[in-house]
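What follows is a set of notes on a single structure, which appears directly below.
The values are calculated or read from the model by the stated rules, or taken from the named source; none is laboratory data. It should be emphasised that the depicted structure is a prediction, and the values quoted were computed from it without experimental measurement. Here the Cβ positions follow ideal geometry from the backbone for every residue, glycine too, while neighbour counts run over all protein chains shown. Areas reflect the complete protein model, heavy atoms only, side chains present, ligands, DNA and RNA absent. Shrake-Rupley method; radii C 1.70, N 1.55, O 1.52, S 1.80 Å.
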Amino acid sequence: MILSLNNVSKTYPNGVKALDDVTIDIKAGMFGLLGPNGAGKSSLMRTIATLQAPDSGSIHFNDIDVLNDKIEFRKTLGYLPQEFGVYPKMSAHDLLHYFASLKGISKKSDRNAIVDKALEVTNLSEVRNKHVAGYSGGMKQRFGIAQLLLNNPKLIIVDEPTAGLDPAERHRFLNVLREIGTNHIVIFSTHIVDDVKELCTDMAILNGGKILSQSTPKQMVKILENKVWSITVSREQAEDIQSQYDVISSSYNEDNNLIVRVYGDEIPGSGFQPTPATLEDVYFTTLNRNEPVENLQIA
């Protein structure tokens, strides 16, 4: 299985260029699309899902020309947008049976098997008879996954699914995605670095509608090995550090001092300590430079 985008661009009527010559291949497994709010992630997800047409470019899924054969492609697609509606006065069990009927699964025994499996995979079996209106945010997201699994899609798109979830709900939701990602292409759009680090076998960083980097999380972090340094300074000293060095990010410690992380081919100066690189370092370095982290030479 492979999803291929070639030179896909999209400019909205207000002049905003949401997608800028996007070319990327996505294979089976969990693929993380990481970028800040406004980077173009949702525009890319909607374009792949055929909810909007690009101005130029092509999209192919296996042997399907997606833009010219939308109906055939949609048979293979499961899409969970940032917000989706449900019928709140119906139970999850009844609502999934209704959706399965709409998807053409007419035989009740077939629907029973498919619905039971979807509830089991998403860990909703015990609350199958509860109205969806009474579900927590995380349960509603898992219900969203359950309904898109009904037609056994080969390509699954989830757009910012963990935004607003508490840590326990987020953990349960990521476990569900991890399980279904073994047999599908799952494109997981998020601005949360930890989601990608924990979940994805492949990833890309998107900003300003452009793909800046694509690789595995491990390979991306390897590029910054031996190039990240940290120093703890007061808030007053932080401005000097910012002006003198290539700062990646900073955060407060328990003493209300700043731990500043800096990029450099060698130790930047007195007081700096070598620090293991993280995916967050890769993300901020890429965004700060607005260019691929691969452009940095590997030590």
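Some notes on this structure:
- Residue pairs whose Cβ atoms lie under 9 Å apart, separated by 6 or more positions or on different chains, with the first residue in region 130-152 and on the phi > 0 side of the Ramachandran plot and the second in a helix (DSSP H, G or I), are N152/I114.
- Output for region 44-84, where each listed residue is among the aliphatic types (A, V, I, L, M) and either in contact (Cβ under 8 Å) with a residue 24 or more places away in the chain or open to solvent by 10 Å² or more (accessible area, probe 1.4 Å) (or both): L44, M45, I48, A49, L51, A53, I59, I64, L67, I71, L77, L80
- Considered as a group, the residues in region 169-178 that are without any contact (Cβ under 8 Å) to a residue 60 or more places away in the chain and open to solvent by 70 Å² or more (accessible area, probe 1.4 Å) include one that is farthest from T76 (Cα to Cα), and that residue is H171.
- Some residue of region 19-32 being open to solvent by less than 70 Å² (accessible area, probe 1.4 Å), assigned to a loop (DSSP other than H, G, I, E, B), in the same structural domain as L149 (by the TED database) and in contact (Cβ under 8 Å) with a residue 12 or more places away in the chain: yes
- In region 273-289, the residues that are closer than 16 Å to V260 by Cβ form Cβ pairs under 7 Å with partners that are open to solvent by less than 70 Å² (accessible area, probe 1.4 Å) and in a helix (DSSP H, G or I), at six or more places apart or across chains, as follows: A277/V221; T278/V221; E280/V193; T285/V293.
- Only one entry of G181, G209, G164 meets the criterion of being assigned by the TED database to the domain that holds N37 and open to solvent by 70 Å² or more (accessible area, probe 1.4 Å), and that entry is G164.
- All positions within region 251-299 that are charged (D, E, K, R) and either more than 29 Å from the chain's Cα centre (by Cα) or part of a loop (DSSP other than H, G, I, E, B) (or both): E254, D255, D265, E266, E291
- Consider region 105-129 and keep the residues that are small (G, A, S) and either touching a residue at least 40 places away in the same chain (Cβ under 8 Å) or part of a helix (DSSP H, G or I) (or both). The one that is nearest to I185 (Cα to Cα) is A118.
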